1. Only Lys, Arg, Asp and Glu count, each charged at its Cβ (+1, +1, -1, -1), so figure out the dipole size of region 57-164 about its Cα centre, rounded to 20 debye.
2. Using only the alpha-carbon atoms of region 57-164 as identical scatterers, what base-10 log of I(q)/I(0) does the Debye formula give at q = 0.21, 0.23 Å⁻¹?
3. Sorted from fewest to most neighbouring beta carbons within 10 Å, what does the list Leu183, Leu287 look like?
4. To the nearest 0.05, how large is the calculated FRET efficiency for Glu92 and Asn141 if R₀ is 22 Å and r is the Cβ-Cβ distance?
5. Could you list Tyr145, Tyr180, Tyr109 in order of exposure, starting from the residue whose Cβ has the fewest other Cβ atoms within 10 Å?
6. Taking other Cβ within 10 Å of each residue's Cβ, how do Arg99, Arg202, Arg179 sort, fewest first?
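Readers should treat all values here as calculations from the given coordinates under stated rules, not as data from a laboratory. Computed from a prediction, not measured in an experiment: that's the story for all the values here. All Cβ positions, even for glycine, are placed from backbone atoms using ideal geometry, and neighbour counts span all protein chains on display.
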Amino acid sequence: MRANFIFSEVWIGLRRNLTMTIAVIVTVAVAMALLGVGLLINYQVSLMKDYWSDRVEVSVFLCKKESPFPTCKSSPGGVREAERVQLKAMIEAMPQVERVDFEDQAAAYKLFKEQFAGDAVLGQVAEESDMPESLRVKLKNPDEYPAVINPLKGYKGVAQVVNQQDILEKFFGLLEKLRYAALTIAGILVLSAILLIGNTVRLSAFNRRRETGIMRLVGASNLYIQLPFVMEGVIAGLIGGVMAAVLLIVAKVFLFEGVQNFLAANSQLGWDSVASVITLTMVIGVLICVLASFFTLRRYLRV
C-alpha cells in the first residue's frame, strides 16, 4: 500500500510539473553527453599517447639531386654513399640515440602510397624519384630530441630535420582543448541541471503542501515524505542518462569511428571504453538529481 502511494505521488509530481521535468531531463542529457564526450576524448588521447610514445622518431631527410633546400647547395648532385654512411655513423654515436634506420626512395614511396591510398590525385602525380631518402632516428628518450636535432641542422647533405613529436604535440594540444571545452560546457550544464532540479522540487513541494501537511500530522517520517520527490529526481536522471547514452553511441559511430580510420589499430577507441563512460555518466546524472532533490527538500520543505 505504501509503495502504491509513493508511486502515485511520483506520477502526480511528474504530471503537474511536466515542462520543468522535461527541461531537467534535456539538461541532464546534454550535460552528461558532453561530459561523456570529454571523457571519450581523454581516453582517445591516452591511447594515442601510449601508442606513439615508443614510436616517436626524428626524420633526417637527405639532399637529393637539385634539391631546393639551402643546405643542399654544397651537394647539388645529392648525398653520396660515403657521406650517408658517415652521417649515419655520427648519429649512431650520439648517446641519446637508440637506433638509426635508412629509408631509401623505394621504401619512402611505398609508405607514401599506403598513407595516401585514398587520394587518387597524389597517387598519380607523385613518383618514386620524388621521394627523399632519409635516416629514421629512434631516441632513447623522445624529450632529448634537441641534443640530436641541433647538431644536424645545417649539416652537409642534410636537407631537413623533422621531429615527429612536434607534430604530435600540436595534434594532442588540439584534442586537449576540445576535451577541456567539452568538460567546461558540461560543468556549466550540470550546474544548470542542479538549479532546475531544485526549482522543480520546490514547485512540486509547494503544489503538494496539503498532502505533505496531512502526512506530517499522521506521523509520517521525514524520509517517507521526501521519498516521492527524490524518486522524481531519480526518474529524471535515468531518462536523461539514457538519452545521453544514445548521444554518446551516435558520437562514437559518426565522430570517433570517422577519426579512427586515420589512426593505428592499437590506438583506436573501443566499445568497452564507451560502455564504461556511459555507465559513469548515468550514475553521475542520477546522483546529481538525487542529491539536488534531497538537499533542496531539507532547506525548503518543513518536515
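1. Working: 14 positive and 17 negative charges, 74 e Å.
For region 57-164, the charge dipole is close to 360 debye.
2. Results for region 57-164 at q = 0.21, 0.23 Å⁻¹ read -1.12, -1.25.
3. Details: Leu183 17, Leu287 13.
Fewest to most other Cβ atoms nearby, the residues stand as Leu287, Leu183.
4. Working: r = 16 Å, r/R0 = 0.74.
FRET efficiency, Glu92 to Asn141: 0.85.
5. Details: Tyr145 20, Tyr180 13, Tyr109 16.
So the residues, fewest neighbours to most, are Tyr180, Tyr109, Tyr145.
6. On the way: Arg99 12, Arg202 16, Arg179 19.
Least crowded to most crowded, the residues run Arg99, Arg202, Arg179.
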